[in-house]
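See structure below.
The values are calculated or read from the model by the stated rules, or taken from the named source; none is laboratory data. Please read all numbers here as calculations on a predicted model, not as lab measurements. Cβ: placed from backbone, ideal geometry, glycine included. Neighbour counts: every protein chain shown. For the accessible areas, the whole protein counts, side chains as well, though only heavy atoms, and no ligand, DNA or RNA atoms are used. Shrake-Rupley method; radii C 1.70, N 1.55, O 1.52, S 1.80 Å.
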Amino acid sequence: MMGWSVMRTQVLLPLVIALTATLFVAGSAAGTATVIRGDAKAGEAIYSRCVACHSLAQDRTGPRHCGVIGRRAGSVSGFGYSDAMKRSKLVWNVKTLDRFIQNPMRTVPGTAMGYAGIADQQERADLIAYLAQANSSAVCRP
Amino acid sequence: MSFLILGNASNPLAARRAFLGKSGLVLSGTAVALLAGNDALAAQSGKSREGDARILNAALSAELEAIAAYQVGAESGLLQKPVLDLAVMFQGHHKEHADLLAKTIAKLGGKAVSAKDKYVFPVETLKTQADVLRFAAGLEKGAVSAYLGAVPLFGNRDLAKAAASILGDEAMHWAILRNALGESPVPSAFMS
């Protein structure tokens, strides 16, 4: 039976992230930081770039995205990950996803995801907000 | 349902088919000319060759899935002529892409991925011809983005050029499918 603490992590964490997905990035002035808030609606449109290889609920060329927030990289059972991803020791959260999506092949050299990445910080924040929100949608419920 | 009219006002569908058929031949012919017999591929350094083969394998995997998706669409009984003919033509292009990618991966010393025994598609949501077209359009748009994201990564510029050639073909598929849905075939000046 799923313990409350586990359930809280699996259910509430993505919800909280969906509502507040933010990235703190260094500002141009010393000692300042710019807060990038993700917009899940805008992120849904950006997700259309991913659907040749990914879907929320199914493993395809890439692994499923349901449950990605909080998941250890390379851990979807039965999916054929690259050795590099399996060895990466990453756990997917806003920060690690942002870094990976910005430049997958630099973040995890040897990853099978042959994609240059998304350079725009706002677009990455939007996409991550969408992934977090989608995790609590009907399509991701077992 | 709306289609572009391509020159031949008396028979626009025939004109479109002729245009697509010829342009497809030109694209795939160029890509094959770029890669088949390109000894520079085998001469690449090991690390660069390995990286390029990995990118191509991801593309091949997506192409094989697209072939399967069009097969599901063609066999669904939901597509009416001439849309059915278009779907079969597009599937043929994906087969050509897959064939070229597999041969190129082998030339790079890699092992090409094979088609899966089974693909899972959201068939429960495909109830009309428009549903099938929208699903296919989503895959094609995703393919454009995937190739766009791959083009800058290749160590071998001939591979980047060939990937861009395939990207152009996928973009045409996407535009035609959108047009068939009555949507703007080219909704923006840039792709991302």
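Quick look at the numbers
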| read-out | value |
| --- | --- |
| In the range A:95-118, residue surrounded by the fewest Cβ atoms within 10 Å (Cβ to Cβ) [restricted to those that are within 14 Å of chain B (Cβ to nearest Cβ) and in a helix (DSSP H, G or I)] | A:Arg106 |
| First in the range B:40-55 and modelled with pLDDT of 75 or more, second anywhere and among the aromatic types (Phe, Trp, Tyr), Cβ under 7 Å, 6 or more apart | B:Asp52/B:Phe154; B:Ile55/B:Phe154 |
| Sole exception among (1) under 30 Å from B:Thr125 (Cβ atoms); (2) modelled with pLDDT under 95; (3) not polar (S, T, N, Q) for A:Ala29, by number | (1) |
| Test: B:Glu96 is more than 29 Å from A:Val139 (Cβ to Cβ) and acidic (Asp, Glu) | yes |
| The range B:104-140, subset farther than 30 Å from B:Asp158 by Cβ and open to solvent by 70 Å² or more (accessible area, probe 1.4 Å), residue nearest to the other protein chains (Cβ to nearest Cβ) | B:Val120 |
| Answer residue from the range B:60-91, given it is in a helix (DSSP H, G or I) and free of Cβ contacts under 8 Å to residues at least 12 places away in the same chain and is surrounded by the most Cβ atoms within 10 Å (Cβ to Cβ) among those | B:Leu84 |
| Which listed residue, of A:Gln133, A:Gln121, is within 22 Å of B:Tyr147 (Cα to Cα) and open to solvent by 10 Å² or more (accessible area, probe 1.4 Å) | A:Gln121 |
| Exclusive hit being among the small types (Gly, Ala, Ser), assigned to a loop (DSSP other than H, G, I, E, B) and within 28 Å of B:Leu60 (Cβ to Cβ), set A:Gly78, A:Gly70 | A:Gly78 |
| Answer residue from the range A:54-94, given it is without any contact (Cβ under 8 Å) to a residue 40 or more places away in the chain, hydrophobic (A, V, I, L, M, F, W, C) and open to solvent by less than 30 Å² (accessible area, probe 1.4 Å) and is nearest to the other protein chains (Cβ to nearest Cβ) among those | A:Ala84 |
| B:Ala189 being away from every other protein chain (no Cβ under 12 Å), out of contact with any Gly (no Cβ under 6 Å at 6 or more places or on another chain) and open to solvent by 30 Å² or more (accessible area, probe 1.4 Å) | yes |
| Residue within the range B:111-133 that is farther than 27 Å from B:Leu79 by Cα and part of a helix (DSSP H, G or I) present | no |
| Residues within the range B:141-166 that are open to solvent by 30 Å² or more (accessible area, probe 1.4 Å) and more than 9 Å from every other protein chain (Cβ to nearest Cβ), tallied | 5 |
